[in-house]
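**Student:** Once you've had a glance at the structure underneath, I'll fire off some questions.
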Amino acid sequence: MKTTARLTHEKIRFDESKDLHLLLELQAPAVDWQSRRPPVCVLPVVDVSGSMQGAKLAYAKQSVTKLVDHLAPGDFCGLVVFTTEVTVVAPPVEMTVARKAELKARIVELHAQAQTNLAGGMLTGLELVNDPRIPEALPRRVILFTDGLANTGPATAHGDVLRLLEANLGKATVSAFGYGEDADHELLRDLSTKGKGNYALVRNPEDALSAFARELGGLLSTYARDLELVVRPAPGASLTDVVSDVDSTPVDGGGVRIKLPDLLGEELRQIVLGVHLDRRDAPGAMRVVEVSGRYTLVAVDTLRSRAETFELAVDVRRVPAGEEQVEPTRDVDEAVAAAQLVRAQIQAEERAARGDYAGAQQVVGVFCQEAIARGHQVLADASEQVLHDIADSAAFARSTSTRASMRKGFTRASAGMVAPEVEALLERSGRRTKSSSQRAMEDAFGAPKPGDADTTRRATSSRPSLTRKRSRS
């Protein structure tokens, strides 16, 4: 893995204090996912309540069947379904030809009934994938498929379901796919965020295939997991902020520990921190921060995980007046601005959730003007999309998927399914939106590609809509 660290400015005046930003980059190599990929443990947890009857359940079943088709010896898979009750159709076991055939036969038999015990299905899935009999090295992913609101089971309120997830996550990660516009997309997005997985709104049957193809493609191309970085400031420097939307905690000495769940093959992760430098008495090189990192390498020739570490040191030149770098390095500043966009969006969403839409618009509007002034037009365009999505209560309610895509995409572009309008913005900004294995899985699943002229026609005419028109179940 290639690791780099750069500051927005390489030369600053020695006789003045300075606030600037640090960009940490982790770049994974390509993974030979077809012949040398690591095994995975994946457990679909499917809503089979009454409202899933018809196209929704049919395409969920098709997606899970395609998943099973693409698993190999060494992979673990099973199936859990939930209505009012939770049923373990098959616990996760190592796949063989016979077990794959048996599991696919059980998928065919699924039918819709009763209510939506989302929390119960989630807890059962987590318990199964955290079974100590599953090999320690395997990445473990629970994937929720649902179209409704949690209305029965051990928890139904938003906060209660999230607390159950946090208490029972263990070594697993959780992704969530919401079928139809009126599923509880705020909850599903938050479950995927806290569960360190992916989220997708499935508006039509084709979306189901595309979302699940990217999900499986990402799992099969995992390069490293359990990444942890510790950043410590040197004398005369201090960390002022973690700008990026990452899991961070302070450590002794004014440092910070940052945790990342995984890194896909070919993926570039960018982490932005704020740094303050004190004035100095004389010119010269100055150490700013030292970075130590560790991770579990899972995509190796031996197909066995192993621990890896790295270290970085970042220096800056303190120079006399007139020799300093006036403008920030453009590509570093663009990465900083992308992290600031996500922060502005999070702050705006918190205000919008309280009904303060004017305040939410102000937060994003200020960023938009700053992005224009700094020459980052794509990020300004992205902020315009956020402004549209938080304009009022109706826009905010219907834009969960787009907002989640924006937040995830500008934090981690290749993580999973994103809304088409956001994918276009990410590609304009030069971000890789999917790995080679995700593209290959889309081809294998027969999923439509963004820009496919026939996609909209198929989604609106020849396929039934997934938007529910009747009462919840």
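**Student:** Give the lysines whose C-alpha is closer than 16 Å to that of LYS171, dropping any in the same chain fewer than 8 places away, or say none.
**Tutor:** LYS194, LYS196, LYS259
**Student:** If the cut-off is a Cα-Cα distance under 23 Å, which lysines reach LYS104, setting aside same-chain residues fewer than 8 apart in sequence?
**Tutor:** LYS56, LYS61, LYS66
**Student:** Next question, about the same structure. For a quick protection proxy, order the peptides 256-264, 306-314, 389-397 by their average other-Cβ count within 10 Å, most packed first.
**Tutor:** 256-264, 389-397, 306-314
**Student:** I've got another one for you. With the Cα gyration tensor of the range 178-232 giving a ≥ b ≥ c as the square roots of its eigenvalues, does the rule (a/c under 1.5 for rounded; else a/b larger than b/c for prolate; else oblate) give rounded, prolate or oblate?
**Tutor:** Oblate, since a/c reaches 1.5 and b/c is not below a/b.
**Student:** OK, next. Can you work out the FRET efficiency for the pair ALA101 and ALA58, with r the C-beta to C-beta distance and R0 = 22 Å, to the nearest 0.05?
**Tutor:** Computed FRET efficiency for ALA101 and ALA58 comes out at 0.65.
**Student:** Roughly how big is the chain's charge dipole about its Cα centre, with Cβ charges of +1 (Lys, Arg) and -1 (Asp, Glu), in debye to the nearest 20?
**Tutor:** 980
**Student:** Let me ask something else. Using unit Cβ charges (K, R positive; D, E negative) and no other charged atoms, how large, in debye to the nearest 20, is the dipole of the range 173-305 about its Cα centre?
**Tutor:** Approximately 620 debye in magnitude.
**Student:** Percent relative contact order of the range 111-230, based on C-alpha pairs within less than 8 angstrom and at least six residues apart?
**Tutor:** 23
**Student:** For Cα pairs less than 8 Å apart in space and 6+ apart in sequence, what is the mean separation divided by the residue count of the chain, i.e. the relative contact order in percent?
**Tutor:** Details: 1050 pairs, mean separation 93.3, N = 473.
Relative CO of the chain lands at 20 percent.
**Student:** Only Cα pairs under 8 Å and at least 6 apart count here; give the relative contact order of the range 1-113 as a rounded whole percent.
**Tutor:** This gives 25 percent for the range 1-113.
**Student:** Which net charge results for the neighbourhood of ALA167, defined as the other residues with beta-carbon distances under 13 angstrom from its beta-carbon, given Lys and Arg at +1 and Asp and Glu at -1?
**Tutor:** Net charge around ALA167: -1.
**Student:** Also, I was wondering about something else. When the accessible area of the chain is computed with all protein chains present and a 1.4 Å probe, what percentage of it is carbon and sulfur?
**Tutor:** C and S atoms contribute 48 percent here.
**Student:** Residues of the range 13-30 with amide nitrogen under 18 Å from the 7 Å Cα-to-Cβ point of ALA285?
**Tutor:** 13-14
**Student:** Now for a separate question. Where the only charges are on Cβ atoms (+1 Lys, Arg; -1 Asp, Glu), what is the dipole of the range 304-417 about its Cα centre, to the nearest 20 debye?
**Tutor:** 560
**Student:** Of THR222, MET286, ALA440, which is farthest towards the positive pole of the chain's charge dipole, taken about the Cα centre with +1 and -1 on the beta-carbons of Lys, Arg and Asp, Glu respectively?
**Tutor:** ALA440
**Student:** Could you calculate the contour length gain from ASP381 to ALA397, that is, 0.36 nm times the residue separation minus the distance between their Cα atoms, to one decimal place in nm?
**Tutor:** So the chain would gain 3.7 nm between ASP381 and ALA397.
**Student:** Here's another thing I want to ask about it. What percent antiparallel are the DSSP beta bridges of the chain, to the nearest 5? Don't jump to the answer; show the numbers that get you there.
**Tutor:** Details: 61 of 87 bridges.
Looking only at bridges with both residues in the chain, the antiparallel portion is about 70 percent.
**Student:** Related question: Based only on the alpha carbon positions, what is the Kirkwood hydrodynamic radius of the range 74-202, in angstrom? Before the final figure, lay out the partial values.
**Tutor:** Values: mean 1/r = 0.0665 Å⁻¹.
Every distinct Cα pair counted, the radius reaches 15.0 Å.
**Student:** Now for a separate question. Compare the Cα positions of ALA380, MET406, ALA391 along the charge dipole of the range 359-441 (+1 at Cβ of Lys, Arg; -1 at Cβ of Asp, Glu; about the Cα centre) and return the one farthest towards the positive end.
**Tutor:** MET406
**Student:** Moving on. What FRET efficiency comes out for the pair VAL108/ASP32, r = Cβ-Cβ distance, R0 = 22 Å, nearest 0.05?
**Tutor:** Computed FRET efficiency for VAL108 and ASP32 comes out at 0.10.
**Student:** If you take the charge dipole of the chain about its Cα centre, with +1 on Lys and Arg Cβ and -1 on Asp and Glu Cβ, which of SER51, ALA28, GLN270 is farthest toward its positive end?
**Tutor:** SER51
The values are calculated or read from the model by the stated rules, or taken from the named source; none is laboratory data. Every value quoted in this text rests on a predicted model; they were computed, and no experiment measured them. Cβ atoms come from the backbone with ideal geometry, glycine included; neighbour counts cover every protein chain shown. Accessible surface areas use protein heavy atoms only, side chains included; no ligands, DNA or RNA. Shrake-Rupley method; radii C 1.70, N 1.55, O 1.52, S 1.80 Å.
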